[in-house]
Each structure stands twice: as structure tokens, then as C-alpha cells.
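Beneath this line is the structure, given in C-alpha cells, with notes to follow.
No value in this document is a laboratory result; all are computed from the given coordinates. Remember, it's a predicted structure, so these values are computed and weren't measured experimentally. Every residue, glycine among them, receives a Cβ derived from its backbone with ideal geometry; neighbour counts consider all protein chains shown.
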Amino acid sequence: MAKIGVLSGASTDTATKDTTLAGGRLPQHVAIIMDGNGRWAKAHGLPRFEGHRRGVEAVRRSVTAAQEIGLEALTLYSFSSENWSRPFAEISELMGLLKRFIRSDLKRLHEKNVRVRIIGEGHPDDPEIGTLLRETEILTQDNDGLQLTVAFNYGSRNEIARAARKLAEEVAAGCLTPEEITPDRLSAELDTAGLPPLDLVIRTSGEQRLSNFLLWQAAYAELVFLPVLWPDFDRTWLENAVNEYARRERRFGGIGSDGY
């Protein structure tokens, strides 16, 4: 890929859009499927937990880079509803990492004007995690900088089913007619309601699938699959993906600028 311009002289809490990136055309909302922690650990002869720990460091780098570049919203797929099938010991390690991340990074995120939002169904068995996640949202709810959304115990098909169920209940109660159920109305019931439209989905590790992540929201998003394993992800990789996004012509079902 061509050499990418580097943002200079912008603070992370008041970052402006870097017009040297993407020819000035930045995505508003970027989502990342953070994949490859286990394979990174195996490649380095380390336990899987170390891969997850290094993955947390990549999260920190990514949030900082998103602010410096000037993204409006960043959504991270941290733990899917299907991840509960993993070994109990690994799940316990992941939950411990999540707790430590919140306790150690919440103040810093708040000071940097980041608004944190959690989507998904929370933790079914650990009230401490639920409390920490709620405290995170409450503390940062008035911040107007980067919108950082963390998808935790999240599955897109379940999200869509919950939204449909809510609309069905409103119809049954006589508050809504079937004709009033439109794509926009359903979108308003999704976990991501209020966020900018999703422009770009990045997946690391070379895998090329969405894995039940933001299926409705990604209908017209650009997809970029990167060969890097998540613990090695950094600003350069994010810039590469943003520039790839800028090179594409988004037709939204229409005709391209070349008439085709």
C-alpha cells in the first residue's frame, strides 16, 4: 500500500480529522472484529492468556489511534454470545482481563472525552461485571468525543430478534401497526441506535467472515480483512484499512461514477 500520511500536532482529546488520510474521506463509524489472540500466543510459544493480555494493549493503541485520526465512532467486538462455549478457565481469564481493563483505563478514557457504550446482553452470572459496565457508561455518558462501543456477550442475530420481539409487543399492545415497521423503525430498536451508520468493518487474522457481528448494520459497510493478528494491530494497520475504504466507490445499490 502507498505510504500513509501521519497526523501531527493534534491532541487526543481534541483531535481533528486528518485530511492526509484517505484523501480527506474518513469513515464516520469503524467496527473491528479483534481476532487472532490465540494464534498469536501459539506462534510465540506462549499461553493463550498472554495473547489475550497483549490483545488488551492493542485495544488501547486502537482507541488512541481512532481519536488521533478523527473517527467519530469505534465499535469493538470483545466477546460474542458464542464465546461461552470456550473452556471455563479461558472465559474466567477473559472476564478478569475485562475487569482489570475497566478499572485501570476508565479514568483515562473519561479524561480523553471518550464516551463508552456497551452493547449486547451483559454477563448472565457475574454481577460485578454488570456493575462495572454500567458505571463506565454512566461516568462517560456526557462526553462528546470518540464514541467507543464495546460489544460484550453480543450476537447480531439475537440483537435483531430482540428488536423484532419489541416491535411485535408494541403491535400486540396496539401502539404500533405492522405497516409502521420499517427498516428505520427496526434500526431504532437495535443496540446501536443513535450511533452513526456503519461505514467500515475490519477483521484481523486473515479470516474473512462477520461471525454474527453487526449483520444488519453492515448491510452497506465496506469490509477489510487484514492478515495481522490482533495483538500486533496498531495505528498503521488502522490507517491502511481507512485508506482502503477511501479507494472504494460506495454505490449503495446505484450506478458507479463510470456508469457501471
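Here Cα extents along the principal axes in Å was computed from the coordinates, and among (i) 51, 41, 36; (ii) 47, 41, 39; (iii) 56, 55, 35 the match is (iii).
A crude spin-label estimate for the pair Arg209 and Asp234, with each label 7 Å from Cα along the Cβ direction, gives 3.1 nm. Measuring between their Cα centroids, segment 66-106 and segment 126-164 lie 11 Å from each other. Radius of gyration over Kirkwood radius for segment 158-256, both on Cα atoms: the Rg/Rh ratio is 1.09.
The ranking of Glu68, Glu170, Glu128 from fewest to most other beta carbons within 10 Å of each one's beta carbon is Glu128, Glu170, Glu68. A simple charge model with +1 on the Cβ of Lys and Arg, -1 on the Cβ of Asp and Glu and nothing else charged puts the dipole of the chain at about 740 debye relative to its Cα centre. Working from Cα pairs under 8 Å separated by at least six residues, relative contact order for segment 34-247 is 27 percent.
Measuring nothing but alpha carbons in segment 42-118 and taking Rh as the Kirkwood radius, the Rg to Rh ratio lands at 1.00. Once the chain from Arg61 to Lys166 is taken as fully extended at 0.36 nm per residue, the excess over their C-alpha distance is 34.1 nm.
Note on segment 180-237: Cα-only Rg and Dmax are 14.0, 46 Å. Ala65 sits among other residues whose Cβ lies under 10 Å from its own Cβ, and their net charge, with Lys and Arg +1 and Asp and Glu -1, is 0. Comparing mean-square fluctuations of Trp216, Trp40, Trp84 from a GNM of the chain with C-alpha springs under 10 Å, the top value falls on Trp84. Between Met95 and Gln28, the FRET efficiency estimated from the beta carbon spacing at R0 = 25 angstrom works out to 0.20.
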